[in-house]
1. 5 Å is the cut-off here: which amide hydrogens, built 1.01 Å from N in the peptide plane, fall below it relative to A:Phe63, excluding neighbours closer than 5 in sequence?
2. Given R₀ = 35 Å, FRET efficiency for B:Val738-B:Glu453 by Cβ-Cβ distance, to 0.05?
3. Could you grab the relative contact order for chain B? Cα pairs under 8 Å, six or more apart, rounded to a whole percent.
4. Which entries in the list A:Lys95/B:Lys15; B:Lys12/B:Lys530; B:Lys410/B:Lys665 go over 19 Å, if you measure between the two C-alpha atoms of each?
5. Which shape class applies to segment A:3-78: rounded if a/c is under 1.5, otherwise prolate when a/b exceeds b/c and oblate if not, where a ≥ b ≥ c are the square roots of the Cα gyration tensor eigenvalues?
6. Going by amide H atoms built from the backbone, whose H comes under 5 Å of the H on B:Asn663, apart from near neighbours?
7. Show which lysines lie in cross-link reach of B:Lys138 when reach means a straight Cα distance below 25 angstrom and same-chain residues fewer than eight apart are skipped.
8. Note down the relative contact order for segment B:391-528 as a percent, whole number, built from C-alpha pairs under 8 angstrom at least six residues apart.
Amino acid sequence: MKLPVKMTINDQSYSHEVEPRLLLVHYIRETVGLTGTHVGCDTSQCGACTILMNGQAVKACNFFAVQADGANIMTIEGLAKDGELHPIQMGFWEKHGLQCGFCTPGMIMSVYQMLERYPKPSEELIRHQLEGNLCRCTGYHNIVKAIEWAAEHMPAKK
Amino acid sequence: MATVASDRLFGKSIKRREDPRFITGRGQYVDDVKIPGMTYAAFVRSPHAHARIRKIDTAAAMRHPGVVAIFTGKDMTGVNSLPCGWDLRKEKNVPGVVQDLAMVPHMPLTSDAARHVGDPVAVVIADSHEAAIDGAEKVQVDWEPLPAVTVTERAAASGAPKLHDGAPGNVAFKWEIGDRAATDAAFKTAGAVTVKKRIVNQRLVANAMEPRACLARFDDATGELTLWVTSQNPHVHRLLMCAFVLGIPEHKVRVIAPDVGGGFGSKIFLYNEEVVCSWVSRRLKRPVRWTASRSEAYLTDAHGRDHVTDAEIALGRDGKILGLRVKTTANLGAYLSTFAPAVPTFLYGTLLNGVYAIPAIHCEVTGVFSNTTAVDAYRGAGRPEACYVVERIVEAGARAAGMDVADLRKKNFIPKFSGAFQTQVAVVYDSGDYGAAWDRMLQMLDYRKFRAEQEAARKQGRLLGIGFSAYIEACSIAPSKLVGALGAGAGLYESGKVRVHPTGMVTVYTGSHSHGQGHETTFAQIVADKLGIPIEQVEIVHGDTGSIPFGMGTYGSRSASVGGTAILMSLNKVIEKGKRIAAHLLEASPKDIDFSGGQFQVKGVPGKAVPFGAVSLTAYIPHNFPEGVEPGLEETSFYDPSNFCFPFGAHACVVEVDRDTGNVKILRYLAVDDVGNVINPMIVDGMVHGGIAQGVGQALCEGAVYDGQSGQLVTGTMMDYALPKADMLPMYETDRTVTPTPVNPMGVKGAGETGTIAATPAVVNAVVDALAPLGVDHIEEMPMTAQRVWKIIQGAKGAR
Ligand code: FES
Ligand code: FES
């Protein structure tokens, strides 16, 4: 049995018939073909699959595709606008907040929400907020710096 | 046309050139590669730690919709065992062998018995990932469960269940290094203080964030097999798979390791899955993909460490180290992984001299088989285990002798040298100034001030502690001839090819592989500097046997020092040839041509010069060309180093232990590393940070735990295996001293593993120091979880 799903991803609409057990992250990667969202675990610990769903940072491995029916989704591919990197992306580049890059898309999407909630986070708050994202390469030091850099360079809210 | 760059890039923190694709989600990892007609593999794995296979019934699974084929070990006729690339045998004259290595078979799909949970016995191929998994669940295996042993110290005990016919008593090998008689004598020195401690280095899982994956595509028309695989060394994968396991022509196989999401050793080895998928693809003439789930990764990625050691130190009355005696049992798991025997022997025993002038050392190692996942190199590989033993026993010795742990170390450092220091354990260090790194670290720490603070805190009942680690590591692995004599089945050179295009743009093909190390930046810095061209004109290619020269890949912190040197050699050849072409154009003799700033110039005549780009163009349009010179401008080099390089440094960790909960909090972490000359400080700092986090992880939270009864891996998911998170770690305070190595022309040593080696003992020493007021003078086992520390506090004699 397949079910229809329809959603907007990075301002494009998609509709497919999918198996009810298909995870949203697999839908995004395999069906839609956006492979920037990664899968690093099967117990929802790593955060490599983090996307924005209706403005909330969520782990895409924690949803079935059918649960995202009608949702508005942004993945890492949708963050840079007109070839302009987002300040968070620039912060990660500037401060060497990545090595192998595998955790990076999830990190960046989760930071997106962090900075919306806490525009000027302290180091302690950043570390606490990164609870759901694992990185095996950087030891987090430069990720913290990248986020601080991004916080400083975010355009002022209107 | 090529332009000229002005600034020297060596030593500059250039932002990484690979980052734009990663921060925009456009990296290409193996699981991102899609090809039409792809099938999906799912492996049927043993749920038992040890069980005989009576029968495998695939009929029901075959009927499952979407299932294309199912294969068991019996179907894979003509396929050989996965090879072990390190042979410890007396007849091979490998030094130190006490009992020959038992070369036990490791079949891609086992057909007689399963020897650890997760051992693959069959593969289901289907049109979709889901169908493959469903099919695998329907394969019926008739198991006869057998008793299992997982515990390191029990694996070779009498009566332990036997894993392999070829390994009586589950002993894989016995090996020794150093001078037994001299060490025995040192321990008998009158007045010596001797301390003996049991030191356990627990089993770890590498946990690269990207799980292992492969995609094999056999092209029936050309007979070519392309294998995309998460590999740190694609040529090694190709050679081992073609020549040893499948017996297929090497030149018809292309191995591609595209973007790889971390390795830490675990992606060096040839694994069952890529061999099986390659074999199946040839058989079915269809592409076959497999990607490990994280749970599968825990069961099948080679694990690391797992040593149990008795270490003894003898100290003179003056605090000088007289001798070190080490006995280690190393758990190799159920099979011999690719380089497993090298890790607890030549990468371990040879580092027990540390940074100290120790007159006598003896070390014995017994490798044992157990019903656990195979153990092999994990970041540091042998060297962290050695450093852990040395740095823990030195502190235990200092405490027993009533000496300050910092003073005792300083008293025993090998004095500054360059060129050669012969250790007691075979290797010859290249250059060192251990006191300088140490002093810098103490200065950053303000050691005396800390001790005063600690004293004050103790009076208030707070448990503050400091731990040190003065480490040494052997990297830029290594001279082929030497490792060959030690049992290696491979050479350990590296290749670098420089292709100058007619316009003066340059593509470099390196045998090194980047899975986070930033080669596309660091290597380009070397090239841009040497040729005097902007870095934008340089492209670095790695990870594809279809384009790179045969190379050995990345592990053992060897890319900059070995891979970088190979590139440098090719650049020198390019310049030499360029000089001959330029000389012809300038009507001068080649020996009168200088090359600098991207210009070939007649010595002392600034007006008489041609730019690099003009020479490269002439090389490909050789109308006006010197006699006897071949057209084109492309050079390949293979660099085989004359020695290892030995980075070193001094780390310190300050912790506070919560008396009531046992929770350990890191207050400060300081690292002064000496990795020789540094090409890109930002990248080196990043590696140091990441290494420290992994070392701290081992000390505080990580550990692969098997249930002693059932042999199940208890820590089989990320929910159960605790990886370090951001809020456990501080900002690291780092600095460097620079002692270039004389081994290679750039003077670079290697930085990839230093942090991991140094951090673990520093943290554990700090916890011991924090608990000292309670009468604790040693802790045998890691990790320092709140529970373990709480128990230690409860059991301590000074607890109340
Ligand atoms: S894949 Fe790990 S949290 Fe989603
Ligand atoms: S950069 Fe490799 S896991 Fe974070």
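Nothing in this text is a laboratory measurement; each read-out follows from the coordinates by a stated rule. Computed from a prediction, not measured in an experiment: that's the story for all the values here. Using ideal geometry, Cβ is built from the backbone for each residue, glycine included, and neighbour counts are taken over all protein chains shown.
1. A:Leu24, A:Val25
2. Values: r = 31 Å, r/R0 = 0.89.
Here the calculated transfer efficiency is 0.65.
3. Values: 2067 pairs, mean separation 127.6, N = 800.
In percent, rounded to a whole number, it is 16.
4. Working: A:Lys95/B:Lys15 8 Å; B:Lys12/B:Lys530 14 Å; B:Lys410/B:Lys665 27 Å.
Those over the limit are B:Lys410/B:Lys665.
5. On the way: a/c = 1.57, a/b = 1.21, b/c = 1.30.
Here segment A:3-78 falls in the oblate category.
6. Under 5 Å from the amide H of B:Asn663: B:Asp658.
7. Within the straight-line cut-off, B:Lys138 pairs with A:Lys2, B:Lys55, B:Lys74, B:Lys285.
8. Numbers: 93 pairs, mean separation 15.9, N = 138.
Dividing the mean separation by the residue count of segment B:391-528 yields 12 percent.
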